[in-house]
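Visitor: The following block contains the structure, expressed as structure tokens.
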Amino acid sequence: MSITLLAQFWIGDPNNGRIGIISDINEMILQEFKSKTIDLA
């Protein structure tokens with residue numbers, strides 16, 4: 001079984017750096033999956 005998710009975010013000041021924000025968002029998503037016992041393969 002496969003599920004594809006698409007998440008879009010507005011970054012107000014991309015010139016000030018996107019990498020940190022993207023990393024924070026990815027970490028939040030991963031923590032939420034773990035809290036719901038959703039495993040990523």
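Values in this text are rule-based calculations from the coordinates and carry no lab data. The model shown is predicted, which means the values in this text are computed figures rather than measured ones. Backbone-built Cβ (ideal geometry, glycine too); neighbour counts: all protein chains shown.
Visitor: For a quick protection proxy, order the peptides 24-36, 8-20 by their average other-Cβ count within 10 Å, most packed first.
Guide: 24-36, 8-20
Visitor: Here's a follow-up. Pop the C-beta distance of SER2 and ILE29 into the FRET formula with R0 = 22 Å and round what comes out to the nearest 0.05.
Guide: The computed FRET efficiency comes out at 0.80.
Visitor: Shifting gears a bit: Between ASN16 and ALA41, how many nm apart are label points set 7 Å from Cα along the C-beta direction?
Guide: Distance between the two pseudo-spin positions: 4.2 nm.
Visitor: Quick check: the angle from helix 19-35's long axis to the longest principal axis of the chain, C-alpha only, nearest 10 degrees?
Guide: Rounded to the nearest ten degrees, it is 20.
Visitor: OK, next. Using the Kirkwood formula on the Cα atoms of the chain, what hydrodynamic radius do you get, in angstrom to one decimal?
Guide: It works out to 12.0 Å.
Visitor: Summing -39500 (n - 2.57) over the DSSP H runs of n ≥ 4 in the chain and dividing by its residue number, what mean residue ellipticity at 222 nm do you reach, to the nearest 500 deg cm²/dmol?
Guide: When only DSSP H runs of four or more count, the value is -14000 deg cm²/dmol.
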